[in-house]
Amino acid sequence: MIALTTGLGAERIHLDRNYSRAVTAGGGFPVLLPPDADPEEVLQRFAGLVLTGGGDLDPHYYGEEPASGLGSVSPERDWFEIRLARLFLAAGKPILGICRGLQVLVVAAGGSLYQDLPAGAIQHYQRAPREHRSHGIRLSGDSTLAGVLGGTEFRVNSFHHQAVRDLPAGFRAVGFSPDGIIEAVEATEGPFLGVQWHPEDLFAERPEAAALFRYFVERVGRAS
Ligand code: MN
């Protein structure tokens, strides 16, 4: 069983369905978690956590005031996901962070973000369809992720205007876009990794994206 965090509407929880499709295709049993669940109980009941994509994280979690370019923030979701991430980190239970989820993972462990990337050489919030792979990335050859994906150079989709700035102790950047933005992070010890792109929108067509979910589900199974 893989716990997936969700987005919050006024009286709804929501999640792009491709997350549950991708986890299922990877061999897992997806369970959506609203913030009503007690984080301590989630830790007891689940062996693996996927922190999903969504809006911006409250910069107060990394000691900053909101910048003018900050997008919409969901305080309840932020609290729930930061708490969950810290519990899973402390317990050594596997976490996969996707887009916002990578950012939550990094901040929960003590890192920080760019609140709003300046306009640069590369468009990181693509206007192309979800499954279009708009920019390249390069992975460290010695990373877990390169082994799982089966290479070091890929094209990925990109729907973010924030990015990882400072990495916490115990984590390293293992993937970069050509403009130097951190696109993938993994723990030096422990089953924690995150990607800035959206593999759940690519798994049906791209073997490396499907491989990431298979790996994570298998890793959760090994840990539980
Ligand atoms: Mn990007």
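Throughout, read-outs are computed from the coordinates displayed, never taken from laboratory work. Given the structure is predicted, the values throughout are model-derived calculations rather than measurements. We place every Cβ from the backbone using ideal geometry, glycine too, and count neighbours over all the protein chains shown.
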Considering all alpha-carbon pairs of the stretch 1-114, what whole percent are spaced by more than 24 angstrom?
21 percent
Arrange the peptides 88-95, 198-205, 72-79 so that the one whose residues have, on average, the most other Cβ atoms within 10 Å appears first.
198-205, 88-95, 72-79
Using θ = phi - 60° and the Karplus relation 6.51 cos²θ - 1.76 cosθ + 1.60, list the HN-Hα couplings for the stretch 142-152 in order, rounded to whole Hz, with x at every Gly or Pro.
9, 7, 4, 4, 4, x, 5, 7, x, x, 10
Magnitude of the Cβ-charge dipole of the chain, K/R +1 and D/E -1, about the Cα centre, nearest 20 debye?
600 debye
Using Cα-Cα distances under 8 Å and only pairs 6 or more residues apart, what relative contact order does the chain have, in percent?
22 percent
Antiparallel %, DSSP beta bridges [both residues in the chain], to 5
55 percent
If you add up the charges near ALA25, with Lys and Arg at +1 and Asp and Glu at -1, over every other residue whose beta carbon is less than 11 angstrom from its beta carbon, what do you get?
+1
Toy charge model, Lys and Arg Cβ at +1, Asp and Glu Cβ at -1: the stretch 1-54 dipole around Cα centroid in debye, rounded to 20, equals 320 debye
Of the convex hull drawn through the C-alpha atoms of the chain, the volume per residue in Å³ is 113 Å³
Once you list every other residue whose beta carbon is under 15 Å from the beta carbon of TRP79, what net charge do they have if Lys and Arg are +1 and Asp and Glu are -1?
-4
When you take every Cα atom in the stretch 60-189, what is the radius of gyration, and what is Dmax, the widest Cα pair distance, in Å?
14.8, 40
How do 175-186, 127-138, 15-26 rank on mean C-beta neighbours within 10 Å, highest first?
175-186, 15-26, 127-138
